[in-house]
Amino acid sequence: MRVWLRTKRDLGGRATLPRTFSAFSTDASTRTAATTAQLDSGPPTPHSNLETPDTNMSARKIITPLSRVLPSVKTPVVLGAMAGASGGQLAGAVSSAGGFGFIGAGYLTPSVLQSEVEKAYQQLSVSHADLIAERRRADFGIGILVWRLTELNDGKRPDQASPNKSVSDFLDVIVRARPRAVWLSFGDEQELTGWQKVIAKLDEQHNNDLQASEAESLKWFVMIGREQELQAAVEKCSCDVLIVQGCEAGGHGHSQAPPLSALLADTLKRLPTLKPNNATHSTPPVLGAGGLADGRSLAALLASGCAGGVYGTRFVLTPESTYSQVQKEQLVKAKGSATLRTFAFDDARGTLGWPQGTDGRGLRNKTVEEYERDVQQEVKAGTQDPEGAKRRMERYKQAASENDTDRIVIWAGTGIGAIDAIVPAKQVVHDITHEALEALSRVQGYVQ
């Protein structure tokens, strides 16, 4: 197989970016998992190099295998499905800028979720009536906490009981919205596979006019935080796009998740040996998540064999995110070393229903310090203090009502130190893409 390693030169002898950047494996068995980023910039010019004016660079696209799944994507920048942060306005803004945005459905009620869907429609200049008339989906996704569906269903998985009214009402909003994709995360194998089938069946019932078109079929994004979760995600969940989240990610994740680089290496090595059960039976493109802050992160992921990157904290610092202004201001001032993984915030908020082994990364504050102090005292005493947990919850409730930034949870990933301003989502997508193009161009110049 041919691998393009030759560089082009401009009139000054400087290396320029080729029209195709390839990270193909020479092993045919792993070829499907490799990433090809086509940098669509139109006809090459004598001065199309690293110093290309911003107007020319911004016209370029980075087309990877992700765009085969989502043709609307012009740059592989994906907004993570963050409960309490990524609403419809942000998701729609990212998609309209050429990336792909997810609404984090999280704990939202059906009525609130519907209002977020409407905000996404507005950003995309589309209505539900348009989607029906044109027989198509809207270019955004909705992220679901799978364990939350089980909790809403009186603690019963789909194999144990049919969806009750609470679950049905919630899922009806999702499928009737006609999202392009659904993101599944945080559930055991039975929950993931069971609820995926339930949602797929509902989508088929409500959107039967789309079933004959592969292009308009619902796409499934499945997130893993450990290599042990890989096989079930690919072979049992109809996974169209695989999200690999490392321990650097802000918000919730597996407490034993390795760094993204290590988890990606294991995933990309094993992925070609699996048998995907998605509609096309093709190896799903991989997106890296965790600690990403700029375009250099995206370029590194593309070079490693990924088809794109999932950005969370970077998009929290936008006017469109649903974080409060005081939370955003705290993040602007934060350094990368200010975050840690902890159970403290779920302990204080009383949100301990997450799957076993799930904790969260956020900014260290008094809530964390008090939690660690109390736990240390319990360890020394050899007994648990039920009143301690109650006191922590009461303190947090008061802090939340007062918007006390010394105590409230502010989820953030390790990349926060590289972000120092609140910037519109469209500009963030542009900046990440521009920086990635520059990085790819620079690296290509090293190849002789």
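What FRET efficiency would be calculated for the residue pair residue 337, residue 423, taking the C-beta separation as r and a Förster radius of 22 Å, to the nearest 0.05? Intermediate results must be reported in sequence, preceding the final value.
On the way: r = 23 Å, r/R0 = 1.03.
With R0 = 22 Å, the Cβ-Cβ based efficiency is 0.45.
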**OP:** Could you check which residue among 303, 97, 421 shows the biggest mean-square fluctuation in a GNM of the chain with a 10 Å Cα cutoff?
**Re:** 421
Original post:
Which FRET efficiency value, to the nearest 0.05, is calculated for residue 277 and residue 118 with the Förster distance at 22 angstrom and r the Cβ-Cβ distance?
Top reply: 0.05
Subject >> Mean separation of Cα contacts under 8 Å, 6 or more apart, over the residue count of the chain: relative contact order % >> reply: 18
Subject >> Burial ordering of 73, 175, fewest other beta-carbon atoms within 10 Å first >> reply: 175, 73
Original post:
At what distance in nm do the modelled label points of residue 373 and residue 228 sit from each other, each positioned 7 Å from its Cα along Cα→Cβ?
Top reply: 3.5
**OP:** For segment 71-324, give the magnitude of the charge dipole about the Cα centre (Cβ charges: +1 Lys/Arg, -1 Asp/Glu; no others), in debye to the nearest 20.
**Re:** 280
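Can you tell me the dipole magnitude for segment 272-374 around its Cα centre, using point charges on the Cβ only (Lys, Arg +1; Asp, Glu -1), in Debye to the nearest 20? Let's see the in-between values first.
Working: 12 positive and 10 negative charges, 64 e Å.
The dipole of segment 272-374 has a size of about 300 debye.
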Subject >> Degrees between helix 165-176 axis and first principal axis of the chain (Cα, 0 to 90, nearest 10) >> reply: 20
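Given the Cα-Cα distance of residue 324 and residue 162 and 0.36 nm per residue of separation, how much length would full extension add, in nm? It would help to have the intermediate numbers written out before the result.
Details: separation 162, 0.36 × 162 = 58.32 nm, distance 3.75 nm.
In short, 54.6 nm is gained.
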**OP:** Let me know the charge dipole size of the chain about its Cα centre in debye, to the nearest 20, where only the beta-carbon of Lys, Arg (+1) and Asp, Glu (-1) is charged.
**Re:** 1120
Subject >> Dipole of segment 71-324, positive direction: furthest Cα of 153, 101, 260, with charges on the beta-carbon >> reply: 260
Subject >> Leading residue at positive end of dipole, the chain (Cβ point charges), from 398, 122, 243 >> reply: 243
**OP:** Specify which residue in the list 358, 379, 182 is farthest towards the positive end of the charge dipole of the chain, using unit charges on the beta carbon of Lys, Arg (+1) and Asp, Glu (-1), about the Cα centre.
**Re:** 182
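For a Förster distance of 45 Å, can you work out the FRET efficiency between the beta-carbons of residue 384 and residue 446, rounded to the nearest 0.05? Please list the in-between numbers first.
Details: r = 57 Å, r/R0 = 1.26.
With R0 = 45 Å, the Cβ-Cβ based efficiency is 0.20.
Kindly rank 342-351, 369-378 from highest to lowest mean number of other beta carbons found within 10 Å of each residue.
342-351, 369-378
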**OP:** Please go through the residue pairs 119/275; 165/426; 74/119 and name each one whose alpha carbons sit more than 32 Å apart in this structure.
**Re:** 119/275; 165/426
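Find how much the distance from residue 403 to residue 206 grows on full extension, using 0.36 nm per residue of separation minus their present alpha carbon separation; answer in nm with one decimal. All intermediate terms of the calculation are to be shown ahead of the outcome.
Details: separation 197, 0.36 × 197 = 70.92 nm, distance 4.12 nm.
Between residue 403 and residue 206, full extension yields 66.8 nm more.
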**OP:** Please express the shape of the chain as an equivalent ellipsoid: the semi-axes are the square roots of 5 times the eigenvalues of the C-alpha gyration tensor, given largest first in whole angstrom.
**Re:** 35, 27, 22
Subject >> Antiparallel DSSP beta bridges within the chain, as percent of all bridges there, nearest 5 >> reply: 40
Subject >> Ranked by how many other beta carbons lie within 10 Å on average, peptides 424-437, 255-268 from highest >> reply: 424-437, 255-268
**OP:** May I ask you to order 112-125, 273-286 by the average number of other C-beta atoms within 10 Å around their residues, highest value first?
**Re:** 112-125, 273-286
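Using a ≥ b ≥ c from the Cα gyration tensor of segment 71-324 (square roots of the eigenvalues), is it rounded, prolate or oblate, where a/c under 1.5 gives rounded and otherwise the larger of a/b and b/c decides, a/b for prolate? List each step's numbers first, then the result.
Working: a/c = 1.37, a/b = 1.15, b/c = 1.19.
Rounded.
Laboratory data are not the source of any read-out in this text; all were calculated from the coordinates shown. Treat the numbers as computed from the prediction; the structure is a model and nothing was measured. Cβ atoms come from the backbone with ideal geometry, glycine included; neighbour counts cover every protein chain shown.
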